[in-house]
1. In whole angstrom, note down how far apart the Cα centers of segment 389-452 and segment 267-318 are.
2. Quick one: if the Förster radius is 35 Å, what FRET efficiency do residue 200 and residue 497 give, using the C-beta to C-beta distance and rounding to 0.05?
3. Work out the FRET efficiency for residue 63 and residue 121 from their Cβ-Cβ distance, taking R0 = 25 Å, and round it to the nearest 0.05.
4. Give me Rg/Rg_expected for segment 26-94, where Rg uses Cα atoms only and Rg_expected = 2.2 N^0.38 Å with N residues.
5. What are the radius of gyration and Dmax of segment 187-269, computed over its Cα atoms and given in Å?
6. Just going by the charge dipole of the chain, with Lys and Arg at +1 and Asp and Glu at -1 on Cβ, which of 56, 292, 438 is farthest out on the positive end?
7. When the accessible area of the chain is computed with all protein chains present and a 1.4 Å probe, what percentage of it is carbon and sulfur?
8. Can you find, among 188, 13, 240, the residue farthest towards the positive end of the dipole of the chain? Put +1 on the C-beta of Lys and Arg, -1 on that of Asp and Glu.
Amino acid sequence: MRWNIHANGTKDPPEVRNWRIHMIALVASMSALAMGYDTAVIGGTMALNSFIRDFGWANVSKSTRDTIQANIVSTFQAGCFFGALLTFPVAEKIGRKRTVMIAGLVFLLGAALQTAAQGNLNLIYSGRAIAGLGIGASSLTVPVYIAEVAPPSIRGRLVGIFEIASQGGGMLGFWINYATDQTVNFNNKAQWTVPLSLQLVPGVLLVAGMFWCPESPRWLARGDKFDAAERILTTVRGLPSSHPYIQHEMGEIRAQVEERSTNHLSKSAQFKKLFQRGTRNRMGIGLALMFLQSFTGVNIITYYAPRIFETLGISGTSLKLFSTGFYGIAKTLGMITFTVIIVEKVGRRKGLIWGAALGCIPMWYIGGYVMRADPAAAAARGDISRDGWGYLAMVCVYINAFIICATWQGITWTYASEIFPLDIRMLCVSLTTADTWLGSFIIARSTPYMISDLGYGAYFFFASILLLMGVWAFLFVPETKGVSLEKMDALFSKPMHQVVWAQIRKTPSPLDEAEAERDQGLKSSKMEKEMDFEQAEVEHNSHV
């Protein structure tokens, strides 16, 4: 059998997996490139000698420096939280495309303020908050936009491009910090302004590229613009409007729009639907996944990589930034593995389970090594020798990053963008996206203190949480690989433990039962039409 990297079991013809749909996902994912870069670059920038000098950190106490660093990092997450939460009505009113473009412009304003800070800490705070608003808005809208234009067989792959861009942006941020540390003299403020100014590049590419991208056909259908939705589908699918696949997809979209009467739902009615059966279980899973992904241990290193490597005995700014660069490579390779193999071949559910089971092992080891050897104290004494166990701890950092990015970091965004019903999809994703930024904010605020006060206990904490996350995913997270957006209602129509158990035992699930009922209904309808035709023919002959 020929190897492929898309989900099996769908009815997607090969024409729908074309270059155009991949290009749309790539352009929209420039927002993720900006998100990853801005998230990762700040930790290394704060470690640069020029930044420390220009912002007057040379003689401040360790606790004061912890507080300032936590404020700088977490201000971005706070902006992202409110950007994701407040963008929902905008994306519903003016559409996905224009919302992404506005979010890009807001991000560019924030990035410009950071670049122009000139040693003014208040401009750094405000710039990161405004940039966070833009990133929060785009991190809400872009995964939904990609999911709504993608065919089922590569939906996970296309949302995976968003995550590859995020991790690739982080990798660029790490290495650019290292490059400027090596090539720009610390007496020159360009050493820290260059890394911050390069945020502008993906922002410009996002705003300019979205002019070329189409609007979401499902959003257009919600406004009764079915002809426009069909024209976009024929373009992005590479098929004529008369093709059975286009007719089937448009039929499913029409049926869901008509069934849910989306054009007549008030905001209060949409909020009430969050608690209805079949939706509240999806909200519970989405909120849990997006919040818990911040507690896998990867984010603490992403935000404070030089500081983390310092606890492992890495001394010197250049060496810490160099180690951080390889951490970015490990994360990016993990996300590529997620997109190419995990999401559509292994699946969402198995990926979460195996990611938690394997990802916690390196964290346990790192915690044990720090507890036994206390490498940071040894480095402070000038003892820079490192045995095999120390090198293994460094490798474990990279292994954990690879595993988590290949599973939890990618799957959570994909899962939350695809499971919710059409009429309240943007509201649901708004809440789950804000939820993940809330988790990130907690990690960003607490990590400096955890490192200083808990030491090795911080690694044990994240390892324990990750293990429990895997148990929860095994019991309550069903597989959605290859399921169309319009069929998610059937999949989540029953309690999750029953659905998961049916998938484990490979017995008929609610989705299978709904398909059977639909086929039976179509068969009965066809038989009724045939009987009516035969009866009419008999009456006609009798009359003649």
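1. 4
2. Values: r = 48 Å, r/R0 = 1.38.
Efficiency, rounded to the nearest 0.05: 0.15.
3. Details: r = 17 Å, r/R0 = 0.67.
My answer for the efficiency is 0.90.
4. Numbers: Rg = 16.2 Å, N = 69, 2.2 N^0.38 = 11.0 Å.
Segment 26-94 yields a ratio of 1.47.
5. Calculated on Cα positions, Rg and Dmax stand at 20.6, 66 Å.
6. Most positive-ward Cα: 56.
7. That fraction is 64 percent.
8. Projecting each Cα onto the dipole axis, the largest value belongs to 188.
The values are calculated or read from the model by the stated rules, or taken from the named source; none is laboratory data. Because the structure is predicted, anything quoted here is derived from the model rather than measured. As a convention, Cβ positions derive from the backbone with ideal geometry for all residues, glycine included, and neighbour counts pool all protein chains shown. Just so you know, the surface numbers come from the protein's heavy atoms only, side chains and all, with ligands and any DNA or RNA stripped out. Shrake-Rupley method; radii C 1.70, N 1.55, O 1.52, S 1.80 Å.
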